[in-house]
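Below is one structure, written out as structure tokens; comments come after it.
The values are calculated or read from the model by the stated rules, or taken from the named source; none is laboratory data. Predicted, not measured: the structure shown is a model, and the values here were computed from it. Heads up, the Cβs are rebuilt from the backbone with ideal geometry, glycines too, and the neighbour counts pull from every protein chain shown.
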Amino acid sequence: MEKKEMEIDEELYNKFFALVGSPDEGARPDGTRRISQAKAAQALVYSSGVVSAYKSRGYNGNVKAFEEAVRAWLKREERWIAKIEVPVVATNALDSIRNSINITQDERDIAVIVGDSGAGKMTALRAIVGENPSAILLEADSSFTKNVLVAEIARAVGVETKGGMTTIIGRIVEALRGRDTVIMIDEADYLSDASLELVRRVIHDKAQTGVVLVGLPRLKYQLENRRNDHEQLTSRVGVMLEVKGLARHDAVKIIEGVWQGLPRETVDAFCKAARGSARTLVKLMGRVHQTMAINRIDTPDAEVIEAAGAMLMR
């Protein structure tokens, strides 16, 4: 009995395998590397074998059901490809943080920069790393013990991490002393009191290197709390910066990096939904762009902004 040929949606088939395949098959439409069949299969909740069989036009399962899954996945991918990149603009926060870090590096000082979540601290730090090759950025988290911190600093400055802590610290000091650099630690409020004192003693005092501690407002309280005995650290702080919420004129700069000439009421809607958070504004702009793409809308308005921001936690 002659085997029945698999009936497929040719347009869908071609669209799917324009995005999925091995690197030697060329780039995706957006210029990025293709998604592997294994990853595509995982996203579709099918096996790699099913994707391979479909590609060779030999899948014996429910083709229509598989193609429905492909169709839904492609819609998500198209929205992802269409995501906007919000450019980094010279906001007050970025300028203030850059100035504080420049002073700290030039004077081999200690700076403390605090601000609420979403104030733009991380965006500024990453922008500074991109423009300042001698700036080193570490991102702390709740797992950062003293040993982890020392190992991370060692890796960042390019020294061997094997051996005892005293040995590794010696390598770090030797590598940094006389080197024109600045070490920035984001989310430093996660560091223990002992870790903060280690940074002060090793990086600032011994290695004579500028240190920037960045975190939530609780970092300032942690350093000023006399019970934590950070007098030696706080006495060395030469720069103290509190980053405020996103001002309207800065929000306008960010918005105009993507959409220029929007009506005042549209800009007001963005600012109202962002509630002073640069991070929320950037997320909102991405959500608005996707909503516009789905509904074939050319310009954002208050209604689109309200719909896009409805599911944002603010």
Exercise. State all residues of the stretch 32-46 that are part of a loop (DSSP other than H, G, I, E, B) and surrounded by 13 or more Cβ atoms within 10 Å (Cβ to Cβ); if no residue qualifies, say none.
Key: R34, S36, Y46
Quiz item: Counting just the residues of the stretch 190-203 that are of a type outside the set (K, R) and surrounded by fewer than 20 Cβ atoms within 10 Å (Cβ to Cβ), which one comes out nearest to V239 (Cα to Cα)?
Solution: E197
Exercise. Answer yes if at least one residue in the stretch 230-238 is in contact with a His (Cβ under 9 Å, 6 or more places away or on another chain), at pLDDT below 95 and either within 25 Å of A135 (Cα to Cα) or of a type in the set (K, R) (or both), and no otherwise.
Key: yes
Quiz item: Does I168 satisfy the condition of being over 19 Å from I97 (Cβ atoms), modelled with pLDDT of 90 or more, surrounded by 17 or more Cβ atoms within 10 Å (Cβ to Cβ) and not polar (S, T, N, Q)?
Solution: yes
Quiz item: Here are I153, I183: which of them is outside any loop (DSSP other than H, G, I, E, B) and closer than 15 Å to V214 by Cβ?
Solution: I183
Quiz prompt | Residue count, the stretch 133-147 (criterion: in a helix (DSSP H, G or I) and either among the small types (G, A, S) or more than 21 Å from I110 (Cα to Cα) (or both)) | solution = 1
Quiz item: Does the stretch 293-314 hold any residues that are closer than 16 Å to G257 by Cβ and surrounded by 14 or more Cβ atoms within 10 Å (Cβ to Cβ), and which are they?
Solution: P300
Quiz item: Looking at the stretch 127-138, which of its residues are surrounded by 15 or more Cβ atoms within 10 Å (Cβ to Cβ) and either in contact with an Asp or Glu (Cβ under 9 Å, 6 or more places away or on another chain) or among the polar types (S, T, N, Q) (or both)?
Solution: N132, L137, L138
Quiz item: Is there a residue being closer than 27 Å to R279 by Cβ and either assigned to a helix (DSSP H, G or I) or not small (G, A, S) (or both) anywhere in the stretch 156-168?
Solution: yes
Quiz item: Can you list the helices (runs of 4 or more DSSP H) found entirely within the stretch 192-309 that contain at least 1 residues being touching a Cys at 6+ places or on another chain (Cβ under 7 Å) and not hydrophobic (A, V, I, L, M, F, W, C)?
Solution: 248-256
